[in-house]
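Report on one structure; see the data block that follows.
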């Protein structure tokens, strides 16, 4: 009887209080932690430059969206003020601006090269996009072309003269 009491008492003790050796096996060893940190460091070295290049290189899509926003603003201003508004695109200088006010927006070389076609072209090759009080515009197109490793990416912004809309499309 005493033997049975000792055995049951011993079992209760073991399940209640795990041994110190068993507790030590549930955590990570220093070697495992160092190995994981080493793998993460290698991954950062391999992926880091690609991420840095992606964030520092200007995006032609962002530039064409900003240009469309500027054109839509010109249309709204023309309708509200009751007078013609003009946005000028200078492909040779890679800039655009609001004629009669506002600063010039320079498109970084990393973003790509601007090209434009419209009905009103100045001697310097600058193209005027006119926005009228009735909501229409002079029509025309603006492109931004960027060379990439996979080829050339072209974003095209087309102005519909009758509807006054500006539509962006991508061509590879």
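Please treat every number below as a calculation from the coordinates, not as lab data. Source: prediction; values computed, not measured. Reconstructed Cβ throughout: ideal geometry from the backbone, glycine too, with neighbour counts over all protein chains shown.
Using a ≥ b ≥ c from the Cα gyration tensor of region 68-113 (square roots of the eigenvalues), is it rounded, prolate or oblate, where a/c under 1.5 gives rounded and otherwise the larger of a/b and b/c decides, a/b for prolate? Walk me through the numbers on the way to the answer.
Values: a/c = 3.16, a/b = 2.32, b/c = 1.36.
Here region 68-113 falls in the prolate category.
Please report the relative contact order for region 60-171, taking Cα pairs under 8 Å with a sequence separation of at least 6, and give it as a percent rounded to a whole number.
Working: 247 pairs, mean separation 29.2, N = 112.
So the answer I get is 26 percent.
Distance in nm between label sites at residue 152 and residue 76, each 7 Å beyond Cα in the beta-carbon direction?
3.5
7 Å from Cα along Cα→Cβ at both residue 168 and residue 29: what's the point-to-point distance in nm?
5.4
Could you order the peptides 116-124, 104-112, 72-80, 40-48 from most to least packed, using the average number of other C-beta atoms within 10 Å per residue?
On the way: 116-124: 13.2, 104-112: 15.3, 72-80: 16.9, 40-48: 9.8.
Top to bottom by mean Cβ count within 10 Å: 72-80, 104-112, 116-124, 40-48.
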